1. Please specify each residue of region 81-109 satisfying the condition of being hydroxyl-bearing (Ser, Thr, Tyr) and out of contact with any helix residue (DSSP H, G or I) (no Cβ under 8 Å at 6 or more places or on another chain).
2. Could we say that SER286 is among the hydroxyl-bearing types (Ser, Thr, Tyr), buried (at least 19 other Cβ atoms within 10 Å of the Cβ) and within 19 Å of the chain's Cα centre (by Cα) here?
3. Please go through region 29-64 and pick out each residue that is among the charged types (D, E, K, R) and more than 17 Å from SER286 (Cα to Cα).
4. For region 165-186, give me each residue that is of a type in the set (S, T, N, Q) and in contact with a Phe, Trp or Tyr (Cβ under 7 Å, 6 or more places away or on another chain).
5. Scanning for something without any contact (Cβ under 8 Å) to a residue 24 or more places away in the chain and part of a loop (DSSP other than H, G, I, E, B), does region 319-331 turn up at least one residue?
6. Would you say LYS266 is in contact (Cβ under 8 Å) with a residue 24 or more places away in the chain and either surrounded by fewer than 13 Cβ atoms within 10 Å (Cβ to Cβ) or in contact with a Lys or Arg (Cβ under 7 Å, 6 or more places away or on another chain) (or both)?
7. Evaluate the following for ASP67: is it touching a Pro at 6+ places or on another chain (Cβ under 6 Å) and either modelled with pLDDT of 95 or more or closer than 20 Å to SER173 by Cα (or both)?
8. Say whether the condition of being crowded, with 20+ Cβ neighbours inside 10 Å and of a type in the set (Lys, Arg) is met by at least one residue in region 50-57.
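The values are calculated or read from the model by the stated rules, or taken from the named source; none is laboratory data. Because the structure is predicted, anything quoted here is derived from the model rather than measured. All Cβ positions, even for glycine, are placed from backbone atoms using ideal geometry, and neighbour counts span all protein chains on display.
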Amino acid sequence: MIFRIFFVLLFSVFCLVSELLAETPSLVARNSVRLCTQNLFRVDASKKEAQEIARVRRLASRVSKADCDVLAAQEIAGDSKTAATRSANLFRDFLNEATHKNWIAIVGGSRDKHIRNGFFVNTDIASVVSVESLERIVLPSLQPHGPLTHFSRGPLRIELAIHRLEQPVFLYSMHLKSKANGWRDVSKLQFESWRIEMAEALRRDASLSKGIVAIMGDRNTRHDAASAKVLSGVLRIDDFLNGNCRVKPEPDLRAQCIDMKKRRAKFVPIIQRSFAKQIKKKDVGSYKYKGKWELIDEILVSEGGRKHFSERGLLFGQGDGASDHLLLAVDLMLP
């Protein structure tokens, strides 16, 4: 009888531990840290409607299913940094509940009156060393005698110290100018020239970071557009300034160059390389435009640090209605 009671108790403890391990990935020995990026579709703490709260909970559930440890976030809503921080903290609380991890929220500066970039970091696996918002950077210009330009929404750079990893990790959350109100662009290029300037400035800053580097977020243009090539380093702004390249008008916005220099990418687009054939056929992407998939979000890792990352990236969230963008993920491997 005593043996039977002991066996039942032992079995119950085993089931409880198994359930906790299943629900709490951070308790399991990990050989990687999962880096993710997600456009939140304007998570806003001031919106109290039940339908919106349910959507934000689904978004937190998506992050849980993707098993993210760090989330680069775009479209944290708020008409001030204080208001945006309330929105970020709301989502952080939902993340804590959905993932059983301990998250902190970081919100950046912005020249946009409504939305900002940010990060959510699982403090069980990483500590934040530094935070810097880049909205005040003056962009390199395609019009040397024109007015000074800046990021429409400042990219946010954080430095992380990750347990078991000796090198510092620098991550960027980006959200480049969209094509919205493109009729205002006198060049008729849907603000692609401005995105080229942003991409050049962002790549230059990331190139100065000494450690493992990843640029994550929403480019707001296709993988084969001119600004995407500039962000990766295959093209540079000088290629357009010296007349070697120009931007083809919509719908392509690709670079047309007299002499296409054979440069290696300084920053490797993981998602594009993982799904190259499907993306070309528009069977895979991160956002649907006019009913067809386009890869307008990306995770780019420094070419020199490519060995630290998994071979393939991942996509999550299709059909759950949590955001108009999918979640992108890549694994940073631990020694």
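1. Going through region 81-109, the residues hydroxyl-bearing (Ser, Thr, Tyr) turn out to be 82, 85, 87, 99.
Matches in region 81-109: THR82, THR85, SER87.
2. Working: among the hydroxyl-bearing types (Ser, Thr, Tyr): yes; buried (at least 19 other Cβ atoms within 10 Å of the Cβ): yes; within 19 Å of the chain's Cα centre (by Cα): yes.
Yes; evaluated as a whole, the condition is true for this residue.
3. Passing the criteria: ARG30, ARG34, ASP44, LYS47, LYS48, GLU49, GLU52, ARG55, ARG57, ARG58.
4. The first filter runs over region 165-186 and keeps only residues of a type in the set (S, T, N, Q), leaving 167, 173, 178, 181.
Matches in region 165-186: SER173 only.
5. Here is the first cut: in region 319-331, the ones without any contact (Cβ under 8 Å) to a residue 24 or more places away in the chain are 319.
Now narrow it down to the ones that are part of a loop (DSSP other than H, G, I, E, B): 319.
Yes, because at least one residue in region 319-331 is without any contact (Cβ under 8 Å) to a residue 24 or more places away in the chain and part of a loop (DSSP other than H, G, I, E, B).
6. On the way: in contact (Cβ under 8 Å) with a residue 24 or more places away in the chain: yes; either surrounded by fewer than 13 Cβ atoms within 10 Å (Cβ to Cβ) or in contact with a Lys or Arg (Cβ under 7 Å, 6 or more places away or on another chain) (or both): yes.
Yes.
7. Details: touching a Pro at 6+ places or on another chain (Cβ under 6 Å): yes; either modelled with pLDDT of 95 or more or closer than 20 Å to SER173 by Cα (or both): yes.
The answer is yes for ASP67.
8. Let us first name the residues in region 50-57 that are crowded, with 20+ Cβ neighbours inside 10 Å, namely 56.
Add one more test, that the residue is of a type in the set (Lys, Arg), and what stays is none.
Among the residues of region 50-57, not one is crowded, with 20+ Cβ neighbours inside 10 Å and of a type in the set (Lys, Arg), which makes the answer no.
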